[in-house]
Amino acid sequence: MAYLAGGTFRMGSTVDEARWAGEQCAREPLGNFCRSYADELLAHDVTLSPFFLDRTEVALGDYQRCVDAAACARAAIPPGDPRAGHAELPVTYVSHTDAERYCAFRGARLPTEAEWERAARGLSGRRFPWGELWNPHLANHGALDFGARLYVNPFSKAILVDEGTTDDVDGFAGPAPIGSFAAYATPEGVSDLAGNVAEWVIDLYELEYPAAPARDPRVLAPKQGSSGVLRVVRGGSYLSPFVELRGAARGYGVVSERRRDLGFRCARDAP
């Protein structure tokens, strides 16, 4: 694990930053189907206590040890999936509950959304884990193009793009072994916070942040009128266009779903 010092950072995006993300997404081949980035609002100050965070996403081999100890459910990898048995790949096809159980097995927990964003953006609020500018060679990513799958969000009835397609610019057609992009880790030594596989965090998903400053926030109870079944997903994946790999970008998943591009990493409180 990497140690991340406590401190205050600006979480979320301003209106101008969210608008910029939408403009960049609109340049993709399927830009007409870009989602709104309004869920990154409102930008607000967050103060965090120090914590530890896994330097890499949890690998399939590490997760399997929890399965072998009868403390975790087996990852729901479909028969014939080429990633089965590759211990160095990040574990996927795990639900939010699966991820929580694995972290507990290690004496850890899932990171909060605020902790995850602080790790990706630092206290300075950089756009990507490595800095301000996008570079397609520094992360395992995809594109929003004609291989994407479209679906209707049952909560807003909006048509959204669920995933893009892979490309070969970054050297991987699917998920990469953990640590493959360690040379482009954050200054604190945390890898793959942009791309490879998306990551569960502990918080419930809400459509916007509160404007007030917060200390060590974690959203564990739904607001009135919220569904309470969605959990936040962070980081984008090998299927995602580059705007989804920004440190402020947010996604979500139903708590029980298991996706081919969705994994996790663990955190732990620091003394």
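Go through the range 181-228 and count every residue that is on the phi > 0 side of the Ramachandran plot and not in a loop (DSSP other than H, G, I, E, B).
The qualifying residues number 1.
Hey, among the residues in the range 19-64 that are among the basic types (Lys, Arg) and surrounded by 15 or more Cβ atoms within 10 Å (Cβ to Cβ), which one's modelled with the highest pLDDT?
Taking the candidates together, the pick is 55.
Tell me whether the range 60-81 contains one or more residues that are within 29 Å of residue 180 (Cβ to Cβ), in contact with an Asp or Glu (Cβ under 8 Å, 6 or more places away or on another chain), assigned to a loop (DSSP other than H, G, I, E, B) and of a type in the set (Val, Ile, Thr).
Scanning the range 60-81, I find no residue that is within 29 Å of residue 180 (Cβ to Cβ), in contact with an Asp or Glu (Cβ under 8 Å, 6 or more places away or on another chain), assigned to a loop (DSSP other than H, G, I, E, B) and of a type in the set (Val, Ile, Thr), so the answer is no.
This table checks each residue for (1) of a type outside the set (D, E, K, R); (2) surrounded by 23 or more Cβ atoms within 10 Å (Cβ to Cβ); (3) touching a Phe, Trp or Tyr at 6+ places or on another chain (Cβ under 8 Å); (4) in contact (Cβ under 8 Å) with a residue 40 or more places away in the chain.
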{"residue": "191", "(1), (2), (3), (4)": "yes, yes, yes, yes"}
{"residue": "194", "(1), (2), (3), (4)": "yes, yes, yes, yes"}
{"residue": "200", "(1), (2), (3), (4)": "yes, yes, yes, yes"}
{"residue": "214", "(1), (2), (3), (4)": "yes, no, no, yes"}
{"residue": "220", "(1), (2), (3), (4)": "yes, no, no, no"}
{"residue": "223", "(1), (2), (3), (4)": "no, no, no, no"}
{"residue": "233", "(1), (2), (3), (4)": "yes, yes, yes, no"}
{"residue": "245", "(1), (2), (3), (4)": "yes, yes, yes, yes"}
{"residue": "261", "(1), (2), (3), (4)": "no, yes, yes, yes"}
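Quick one: count up the residues across the range 1-18 that are surrounded by 15 or more Cβ atoms within 10 Å (Cβ to Cβ) and in a strand (DSSP E or B).
5
Kindly provide the set of residues from the range 179-200 that are of a type in the set (A, V, I, L, M, F, W, C), more than 15 Å from residue 2 (Cα to Cα) and under 15 Å from the mean Cα position of the chain (by Cα), ordered by number.
Result: 194, 197, 198, 200.
The values are calculated or read from the model by the stated rules, or taken from the named source; none is laboratory data. Owing to the predicted nature of the structure, the values given are computational and were not obtained by experimental measurement. Neighbour counts are summed over all protein chains in view; Cβ atoms, including those assigned to glycine, are modelled from backbone coordinates with ideal geometry.
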